[in-house]
Structure formats: structure tokens, C-alpha cells
Amino acid sequence: MDLKTQELIKQGKMLPLMEEFYTIQGEGAHTGTAAYFIRIGGCDVGCHWCDVKESWDANLHPPTHTDLIVDNANKYAETVVVTGGEPLMWSLDYITKQLQEKNIKTHIETSGAYKFSGVWDWFCLSPKKTKLPLQRAYEEADELKMIIHNKSDFEFAEKEASRVNDKCLLYLQPEWSKRDKMIPLIIDYVMKNPKWKISLQTHKYLNIP
């Protein structure tokens, strides 16, 4: 990679774009709403159940000019969701500034394990045991989305919920491959602990991206 490209990536004016697409948000507080997804390559959090492992190696995804990504989003959507991979591995100040100047709402889905950047209308924090969030992520979170893969994840969810701000919405989401086993446990848990809500990967039920 040449020095000019490296500098543009450092400034957030280029990003390792894995894919971008217009679809329906399938998870969390904004389930059912139209959004343009920008998936950025690169992640070292290493969730064994990750369904986009092809996003992990940023070198597989060519650096793309951020202005082009913003122009593509502006053709379709009023809301953009920046996801990954782990998007906060990269500087997101530039892309959010450009999006918001076009009156596009900026949402992020992140593990929170990297330095905070960007200006967000909605900050979805999904902590992982392998690489915990930094303090700023807990402070910024509008939504805490905890993936439930086994029974011990309920304890982890409560620990993380104790760290977020008071305005943060709390969601428990079954890991897709364990959904038949975990959904009954999550239903029971939410009924006993109504501060939590249930999130489902409805886009998978609808067979859309």
C-alpha cells in the first residue's frame, strides 16, 4: 500500500470497504426500518460464532474513497448503519461528518473495543468477552445488545449492563445457531428481569441481507 493511501486511511478519507447495501435493519431498537449498511473490513475481536468472518482481514477489502461511499448512501437512505468487522478500528470522524452534512442519520454497531470516533445519532454497543469495550463506549451507548450463546452469557450481560449509562436500552439477542435452545431461556429471563428486551435477527427470518 502506498504512503498516500495509508495517509488517507489514517484520516478516514478512505476505508477498507467490504460491502454496502440498502436493506431493512433486522436487530435491536430500530428493527424494521430501512437503512443503508456500510460494512468495513477488519476485526480482531474474534467471536467464534461470527457470521461475517470474511470481514476480519482488512487486507481482503480494498481501500475505498469515503466520499464515494457517502455518495452511494445518499442515493438510497435517510439512515446509515456503519458496521463490520469492527468499525472503530478506523477513524470515523470524516464519514459521519459527510453523512450528517447530507442530513443522513448515523448509526454504528460496535464492540466498543477501540478508540471512539465519529458523531453518532445512535450508538449500538455489543460487548464481547474476548476484547471488552473502552469506557467511552459505555458512556455513549444508546443501546446495549448482548448476544446469548450459552447460559453464562446472562451473567456477562448483567455485568455489562451495570456499566452503561442510564438512558441505554438493554437487549438480549440469541446467537443464531443456538436460537432454538436460547430463545426459551431468554423469554423466561426477560419476564423475570423486565429491564431487558428481546432482539431477534429478523433479517434472517425474512431472508434479506
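Within the stretch 23-67, the residues that satisfy the criterion of being assigned to a helix (DSSP H, G or I), among the small types (Gly, Ala, Ser) and under 15 Å from the mean Cα position of the chain (by Cα) are GLY28, ALA29, SER55. Residue pairs whose Cβ atoms lie under 7 Å apart, separated by 6 or more positions or on different chains, with the first residue in the stretch 21-41 and closer than 22 Å to MET89 by Cα and the second of a type in the set (Gly, Ala, Ser) and assigned to a helix (DSSP H, G or I), are TYR36/ALA73; ILE38/ALA73; ARG39/SER55; GLY41/SER55; GLY41/ALA58. Which residue is farthest from GLY12 (Cα to Cα), if the candidates are limited to the stretch 103-147 and must be among the acidic types (Asp, Glu), more than 12 Å from the chain's Cα centre (by Cα) and outside any loop (DSSP other than H, G, I, E, B)? For the stretch 103-147, the residue satisfying everything is GLU139.
Summed over the stretch 120-167, the residues that are crowded, with 19+ Cβ neighbours inside 10 Å, of a type in the set (Val, Ile, Thr) and under 25 Å from SER91 (Cα atoms) give a count of 1. Which ones in the stretch 182-209 are surrounded by 17 or more Cβ atoms within 10 Å (Cβ to Cβ) and farther than 25 Å from ALA35 by Cβ? Of everything in the stretch 182-209, those that are surrounded by 17 or more Cβ atoms within 10 Å (Cβ to Cβ) and farther than 25 Å from ALA35 by Cβ turn out to be MET182, LEU185, TYR189. Restricting attention to the stretch 85-103, the residues that are touching a residue at least 60 places away in the same chain (Cβ under 8 Å), buried (at least 19 other Cβ atoms within 10 Å of the Cβ) and either in contact with a Leu (Cβ under 8 Å, 6 or more places away or on another chain) or on the phi < 0 side of the Ramachandran plot (or both) total 4.
Within the stretch 153-185, the residues that satisfy the criterion of being under 28 Å from ARG136 (Cα atoms) and part of a helix (DSSP H, G or I) are ASP153, PHE154, GLU155, PHE156, ALA157, GLU158, LYS159, GLU160, ALA161.
The numbers here are math on the coordinates, done by the rules we state, and not lab data. Only a predicted model underlies this, so the values are computations on that prediction, with no experimental measurement involved. Ideal geometry is used to build each Cβ from the backbone, glycine not excepted, and the neighbour counts take in all protein chains shown.
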